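Asks: Take this structure first; my questions come after.
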């Protein structure tokens, strides 16, 4: 998959020759709704014998509008998003830096300077996608701006069977924040994943008989809410089952920093400095303050038993196309 980074104004010399089918969207999480957009574009591209291109952004568009004063936590960082897009069979990604100058483009200028310049033969996006102010830059208006130079395909909202609402990034972020990773995974269509660096901790788990790795998560990534989870962790090229605690270790004090500590099953290696991936399967329980170490250890043994069962047979996901 070719990735072309774009900074406004577009330098047309970086655009490959030849027509494409173009899917566009921010695609945070590349969830099942996003997958429907991309896969519909892929079907059109295959039918026409054209490459499948995606126009997406290197950071949340709302940052340019000062919508996130506290910072934005992503379901998928840029590298993760590109990996997911590649798994879906995308040939070319235009990764646009969403700056204030780019944001100020009028809808017609955006179409002329980008969609036409990318040699789009067909442009595909979700029903609620906008490329400027919603009242003048909706998918309903896009054929007017296209002026017959490319076809427009609008993908309707995707509602999972049995669900009341469409699958959406905002809902999934809320589920992750609430610790409801199993439900989030159903809407993502894959198991939620974060990354991190193994760093030194207080080694308290080792004294309890549950040696843990402490994972320092990059600031832009969205961690699940406080609690204990069944997880897999990739170290090198191998996945290891475990249980993760996201919390403040309140049994040992009331003012501890938030940490991610993971006990890996049947694992006894020093892995400080390793970059790891964490795959989140299921929430087990909230953070509890125990009377002492013995009570904590008893609970951790129960958590381990439950986690081993889940990791050995993770919840089945619908239409899983990517990992």
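All of the numbers you see were taken from the coordinates with simple rules; none came from a lab. What you are looking at is a predicted structure, and each value in this text was computed from that prediction instead of being measured. All Cβ positions, even for glycine, are placed from backbone atoms using ideal geometry, and neighbour counts span all protein chains on display.
Asks: Note the angle between two axes, namely the Cα long axis of helix 78-87 and the longest principal axis of the Cα atoms of the chain, as a number of degrees from 0 to 90, rounded to the nearest 10.
Replies: Tilt of helix 78-87: around 70 degrees.
Asks: Separate question: Taking the Cα centre of each part, how many Å lie between the range 26-41 and the range 137-158?
Replies: 17
Asks: For the Cα atoms of the chain, what angle does the longest principal axis make with the long axis of helix 32-48, in degrees from 0 to 90, nearest 10?
Replies: Around 40 degrees separate the two axes.
Asks: Mind checking the full-extension length gain between residue 147 and residue 117? Use 0.36 nm per residue of separation minus the Cα-Cα distance, one decimal, nm. Present the calculation step by step, with values, prior to reporting the outcome.
Replies: Working: separation 30, 0.36 × 30 = 10.80 nm, distance 1.40 nm.
Extending this stretch completely gives an extra 9.4 nm.
Asks: Where a ≥ b ≥ c are the square roots of the eigenvalues of the C-alpha gyration tensor, would you call the range 1-81 rounded, which needs a/c under 1.5, or, failing that, prolate if a/b is larger than b/c, or oblate? Write down the numbers at each step before the final one.
Replies: Details: a/c = 2.70, a/b = 1.43, b/c = 1.89.
Oblate is the answer for the range 1-81, as a/c is 1.5 or above yet b/c matches or exceeds a/b.
Asks: Suppose the chain between residue 258 and residue 12 were pulled fully straight at 0.36 nm per residue; how much longer would it get relative to their current alpha carbon spacing?
Replies: Numbers: separation 246, 0.36 × 246 = 88.56 nm, distance 4.63 nm.
Length difference between fully extended and current span is 83.9 nm.
Asks: Please order 181, 260 by the number of other Cβ within 10 Å, starting at the fewest.
Replies: Details: 181 26, 260 22.
So the ranking, lowest neighbour count to highest, is 260, 181.
Asks: Compute the separation of the alpha-carbon centres of the range 45-96 and the range 256-284 and state it in Å as a whole number.
Replies: 28
Asks: For helix 293-312, what angle does its Cα long axis make with the longest principal axis of the chain, in degrees from 0 to 90 and rounded to 10?
Replies: With rounding to tens, the tilt is 40 degrees.
Asks: Another one. I need to check one value: relative contact order of the range 2-155, counting alpha carbon pairs closer than 8 Å and at least 6 residues apart, in percent.
Replies: Details: 239 pairs, mean separation 50.5, N = 154.
Over the range 2-155, the number comes to 33 percent.
Asks: Can you tell me how the chain classifies by the Cα gyration tensor, rounded, prolate or oblate, using a/c under 1.5 as the rounded cut?
Replies: Working: a/c = 2.37, a/b = 2.22, b/c = 1.07.
Prolate is the answer for the chain, as a/c is 1.5 or above and a/b outweighs b/c.
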